[in-house]
1. Considering only the stretch 67-78, I want to know if a residue exists there that is among the hydrophobic types (A, V, I, L, M, F, W, C), assigned to a helix (DSSP H, G or I), open to solvent by 100 Å² or more (accessible area, probe 1.4 Å) and more than 30 Å from K119 (Cβ to Cβ).
2. List the number of the failed condition for R46; all other conditions in (1) at pLDDT 85 or above; (2) surrounded by 11 or more Cβ atoms within 10 Å (Cβ to Cβ) hold.
3. Find all pairs meeting these conditions: Cβ atoms under 9 angstrom apart; at least six residues apart or on different chains; first residue within the stretch 99-111 and closer than 13 Å to S87 by Cα and among the aliphatic types (A, V, I, L, M); second residue open to solvent by 100 Å² or more (accessible area, probe 1.4 Å) and at pLDDT 75 or above.
4. Could you check how many residues of the stretch 13-34 are under 56 Å from the mean Cα position of the chain (by Cα) and surrounded by 10 or more Cβ atoms within 10 Å (Cβ to Cβ)?
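The values are calculated or read from the model by the stated rules, or taken from the named source; none is laboratory data. Note that the structure is predicted; figures quoted are calculated from it, not measured. Positions of Cβ are backbone-derived with ideal geometry, glycine not excepted, and every protein chain shown enters the neighbour counts. Quick note on the areas: whole protein, heavy atoms, side chains included, nothing else; ligands and nucleic acids left out. Shrake-Rupley method; radii C 1.70, N 1.55, O 1.52, S 1.80 Å.
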Amino acid sequence: MKYFPMLGALLLVGVVLPMVLPGPDGKPIMSPSDWLPQKPDISAIRETGERAVQSMRKTTQESVSKIEELATSSGLIPQEDSARQTSEVFTWKDKDGNWHFSDNVPEGLDSHVRIHRVKPLNTVTANDPIELKTDSVDQGSSTSTNELPTHHTSLSKLLEDTKAIEQKSLERQKVLDSL
């Protein structure tokens, strides 16, 4: 109960006083229309939407360019790849219904051609292939990672070793099952 007079005084100071006190031009500082929201028409809503879309596009483009710049400067994208521009691929359908793809526009089909902008692919160059040394494998020698056995006896020894490993694995599984 004792707070009601204080709440009334705050309302008087916060709401009523600005509507009564004159501003620099002699009119009250605020009017009741300042407290009410304005009802926008459809063109104002459309303008606001277009500004929001433009702002989002600009922000997105800036973000993409900053990310590409950061990736290029950190070495994630090689310099020559970052300089490549997007390429255009043109597609059109012929009179038989077949689709065609090309990097240039065919004559006479300008209005029926779709243009697709394609960014270059990020690729990683492959290592040089490993050359196998088949002539240096002997019967009793062990194979290195770059060599494969080619003689009949080396292959048979490899198969025997594989079967022995499989047998040990089965024996271990039996022991585990009996526990």
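1. Going residue by residue through the stretch 67-78, those that are among the hydrophobic types (A, V, I, L, M, F, W, C) are 67, 70-71, 76-77.
Going one step further and asking which of them are assigned to a helix (DSSP H, G or I), we end up with 67, 70-71.
Next, from what is left, pick out any that are open to solvent by 100 Å² or more (accessible area, probe 1.4 Å): 67, 70.
Next, only the ones that are more than 30 Å from K119 (Cβ to Cβ) stay: none.
Taking every residue of the stretch 67-78 in turn, none turns out to be among the hydrophobic types (A, V, I, L, M, F, W, C), assigned to a helix (DSSP H, G or I), open to solvent by 100 Å² or more (accessible area, probe 1.4 Å) and more than 30 Å from K119 (Cβ to Cβ).
2. Checking R46 against (1) at pLDDT 85 or above; (2) surrounded by 11 or more Cβ atoms within 10 Å (Cβ to Cβ), the one that fails is (1).
3. Pairs found: none.
4. The qualifying residues number 12.
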